[in-house]
1. With Arg19, Arg47 as the choices, which residue is assigned to a helix (DSSP H, G or I), surrounded by 12 or more Cβ atoms within 10 Å (Cβ to Cβ), modelled with pLDDT of 90 or more and not hydrophobic (A, V, I, L, M, F, W, C)?
2. Kindly provide the set of residues from segment 50-67 that are surrounded by 14 or more Cβ atoms within 10 Å (Cβ to Cβ) and not β-branched (Val, Ile, Thr), ordered by number.
3. Do you know which of the residues in segment 4-16 that are more than 21 Å from Thr70 (Cβ to Cβ) and either outside any loop (DSSP other than H, G, I, E, B) or of a type in the set (A, V, I, L, M, F, W, C) (or both) is nearest to the chain's Cα centre (by Cα)?
4. Please state which one of Arg28, Arg47 is in contact (Cβ under 8 Å) with a residue 40 or more places away in the chain, of a type outside the set (Asp, Glu) and out of contact with any strand residue (DSSP E or B) (no Cβ under 6 Å at 6 or more places or on another chain).
5. Within segment 22-44, restricting attention to residues that are charged (D, E, K, R) and surrounded by 11 or more Cβ atoms within 10 Å (Cβ to Cβ), which residue is nearest to Asp2 (Cα to Cα)?
6. Name the single residue that is modelled with the lowest pLDDT among those in segment 1-14 being crowded, with 16+ Cβ neighbours inside 10 Å and touching a Phe, Trp or Tyr at 6+ places or on another chain (Cβ under 8 Å).
Amino acid sequence: MDVHLDEAHTGFDLFDHLRTVGQGLEQRIVFTTGDSISTQTRDALERAARPVLRKPFSLDELREMLVRVTAG
């Protein structure tokens, strides 16, 4: 899920919503971002404690990440 979805919403908003649903859906989230400089983004990623793919990433990196996330 991209960290920046649109001007009004972030991936963190959706992540927080999934967490409140309480079905463990948030455990399937992998964040993607090209924003590795913003302190706000770094802090939010740390709080979410989910895997992150930094843009640009390759298809191989995406596959490896999906295997890791779905294996657990």
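The values are calculated or read from the model by the stated rules, or taken from the named source; none is laboratory data. Predicted model only: the values in this text are computed from it and were never measured. When we count neighbours, we look across all protein chains shown, and the Cβ atoms used for this are built from the backbone with ideal geometry, even at glycine.
1. Values: Arg47 fails: surrounded by 12 or more Cβ atoms within 10 Å (Cβ to Cβ).
The match here is Arg19.
2. Residues satisfying the conditions are Arg50, Pro51, Leu53, Phe57, Met65, Leu66.
3. Phe12
4. Sole residue among the options that is in contact (Cβ under 8 Å) with a residue 40 or more places away in the chain, of a type outside the set (Asp, Glu) and out of contact with any strand residue (DSSP E or B) (no Cβ under 6 Å at 6 or more places or on another chain): Arg28.
5. Per the stated criteria, the residue is Asp35.
6. So the residue we want is Met1.
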